[in-house]
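Remarks on the structure that follows.
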Amino acid sequence: MVLKKFNHILSSLLIFFSSVLIFSCMSPTPQNEMVEEPIIRVLIDNLESYKQVELRSKGVFNIIGGSFFAKSIERELKISAKDSILLVNGNSSETNTIEVYPSSPIIYNGIEYPGIFRVVLTNGYIYLINILPLEQYLECVVPSEIPATWSME
């Protein structure tokens with residue numbers, strides 16, 4: 001009887017330690033899977049089409065859209081409209097929508113914007129849309145909306 005009990009306990013311990021050994025060798029389920037960060041679009045300005053948009057950067061702009069495929073322009077862009085086509089530094093883009101990919105933040109009206117700009121001409125207006133990750137947007141907006149001098153609550 002004692003021998004039977006001892007065999008049962010021994011076999012239970014053997015099964016327990018075997019399963020611990022087997023499961024400890026298995027790779028854990030990934031907890032930190034790459035989750036794509038939400039991208040947001042923010043309307044920066046809408047101008048009547050007879051006006052000119054001036055974008056600046058400390059680096060290079062890459063323009064994509066219409067007749068521009070990764071065209072590189074340094075430091076300054078002047079975007080205007082003729083009929084239903086956007087002009088970039090006086091050159092026709094042959095489209096009403098372009099995207100501006102800067103190597104450093106875009107400066108528009110003296111304010112730096114991270115991310116890319118989509119410029120759309122529609123219904124007589126030129127729309128400037130900033131496209132960037134939500135976290136990056138919040139890093140820029142929160143400090144400008146909540147002064148550091150406010151007391152902690």
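Coordinate-derived values only; no laboratory data. These figures come from a predicted structure and were not determined experimentally. Cβ sites come from the backbone with ideal geometry, for glycine too, and all protein chains shown count toward neighbours.
Some notes on this structure:
- Whichever residue in region 103-112 is within 17 Å of residue 78 (Cβ to Cβ) and either of a type in the set (D, E, K, R) or touching a Leu at 6+ places or on another chain (Cβ under 8 Å) (or both) and, among such residues, is surrounded by the most Cβ atoms within 10 Å (Cβ to Cβ): 106
- Every residue from region 121-140 that is in a strand (DSSP E or B) and either crowded, with 19+ Cβ neighbours inside 10 Å or in contact (Cβ under 8 Å) with a residue 60 or more places away in the chain (or both): 121, 125, 126, 127, 128, 129, 130, 131, 132, 133
- Among the residues of region 75-88, at least one is part of a strand (DSSP E or B) and on the phi > 0 side of the Ramachandran plot.
- Of the listed requirements (1) under 17 Å from residue 47 (Cα atoms); (2) of a type outside the set (Phe, Trp, Tyr); (3) without any contact (Cβ under 8 Å) to a residue 60 or more places away in the chain, residue 74 misses just one: (1).
- Filtered residue count, region 108-120, keeping only those that are part of a strand (DSSP E or B) and either under 10 Å from residue 46 (Cβ atoms) or free of Cβ contacts under 8 Å to residues at least 60 places away in the same chain (or both): 4
- Checked against the criterion of being in contact with a strand residue (DSSP E or B) (Cβ under 6 Å, 6 or more places away or on another chain), among the aromatic types (Phe, Trp, Tyr) and part of a strand (DSSP E or B), region 58-67 has at least one qualifying residue.
- Residues (over 16 Å from residue 123 (Cβ atoms), in contact with a Leu (Cβ under 7 Å, 6 or more places away or on another chain) and loosely packed, with under 15 Cβ neighbours inside 10 Å) located in region 79-101: 89
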